[in-house]
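Working notes, structure below.
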Amino acid sequence: MKKVAIIIGHRSKKQGAYSPFLLQTEYQFNKKVASYLLDIADVYERPNIPLVSEAFMINELVKEVNKTDYDLVISLHFNMFEDARAHGATALYYITNKFGKVIANEFVKVISEHFKIKQRELIPISSKKQRGGTLIVGLNAPAILLEPFFGSNEFDACQFHNKEEEYSKLIRDLIKVSKYLKT
């Protein structure tokens with residue numbers, strides 16, 4: 001049986017980027033996506049602990065997720081950039097994890113094709129100091145951080161507008177059919 005964890009990007013008190021085209025934050029969008037995956041994955045979110053750093057909260061989340069032996073961990077996000085022309089789907093993976101790279105590429109390719117947006121290069125993470133590194137490097141299981149679109153790009157965001165369930169079905173299907181995950 002494939003054992004998968006989904007991590008909702010950001011947290012309720014600090015919700016990440018806001019997309020003016022989705023009219024919601026990364027946290028709000030991805031919390032909805034994750035809600036459709038509860039039957040096939042364990043869903044985690046970063047705790048809200050007052051007076052501690054974001055790094056501390058991410059490390060606490062990593063400790064919690066590492067208590068279970070997962071085949072794959074997927075962290076859900078979306079991208080933002082000050083230049084609205086930036087667009088496309090990408091994913092982050094741990095540079096030494098060949099499985100992580102393969103599965104990240106598989107996810108980005110299918111997401112790009114399905115939503116008809118640009119497929120960007122994958123982002124290899126080699127250190128906890130890099131954006132997303134604390135999570136990707138710290139997890140025992142292969143992990144990817146999905147950035148399926150730019151919330152700052154009108155075309156990208158509109159491809160995902162009100163499509164949280166459709167996006168979650170795509171993630172579900174990728175988990176089910178991936179030849180790289182245990183059955």
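When the helix-only estimate is applied to the chain (DSSP H runs of n ≥ 4, each -39,500 (n - 2.57), divided by the residue count), what is the mean residue ellipticity at 222 nm, nearest 500 deg cm²/dmol?
Details: 6 runs with 67 residues, N = 183.
Result for the chain, helices only: -11000 deg cm²/dmol.
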Over the chain, relative contact order from alpha-carbon pairs under 8 Å, at least 6 apart, %: 30 percent
Modelled label reach - residue 59, point 7 Å along Cα→Cβ, the stretch 106-141 residues with backbone N closer than 14 Å: 128-129, 134-135, 138-139
For the chain, accessible area per residue (1.4 Å probe, heavy atoms of protein chains only), Å²: 50 Å²
Measure of compaction for the chain (Cα Rg per 2.2 N^0.38 Å): 0.95
C-alpha center-to-center spacing [the stretch 82-140, the stretch 9-69] in angstrom: 17 Å
Gained length - residue 154 relative to residue 69, 0.36 nm times residue gap less alpha-carbon distance: 26.7 nm
Inter-site label distance for residue 131 and residue 176 at 7 Å from Cα along Cβ, in nm: 3.3 nm
Surface share of carbon and sulfur [accessible, 1.4 angstrom probe, percent] for the chain: 53 percent
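Determine the shape class of the stretch 5-66: with a ≥ b ≥ c the square roots of the Cα gyration tensor eigenvalues, call it rounded for a/c under 1.5, and otherwise prolate if a/b is greater than b/c, oblate otherwise.
Details: a/c = 2.90, a/b = 1.13, b/c = 2.56.
Since a/c reaches 1.5 but b/c is at least a/b, the shape of the stretch 5-66 is classed as oblate.
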Globularity index of the stretch 105-169, i.e. its alpha-carbon radius of gyration over 2.2 N^0.38 Å: 1.25
Cα gyration tensor, the stretch 40-105 - rounded (a/c under 1.5), prolate or oblate: oblate
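The values are calculated or read from the model by the stated rules, or taken from the named source; none is laboratory data. Everything numeric in this text was worked out from a predicted model, so none of it was measured. Ideal geometry is used to build each Cβ from the backbone, glycine not excepted, and the neighbour counts take in all protein chains shown. What goes into the accessible areas is simple: the full protein's heavy atoms, side chains included, and nothing from ligands, DNA or RNA. Shrake-Rupley method; radii C 1.70, N 1.55, O 1.52, S 1.80 Å.
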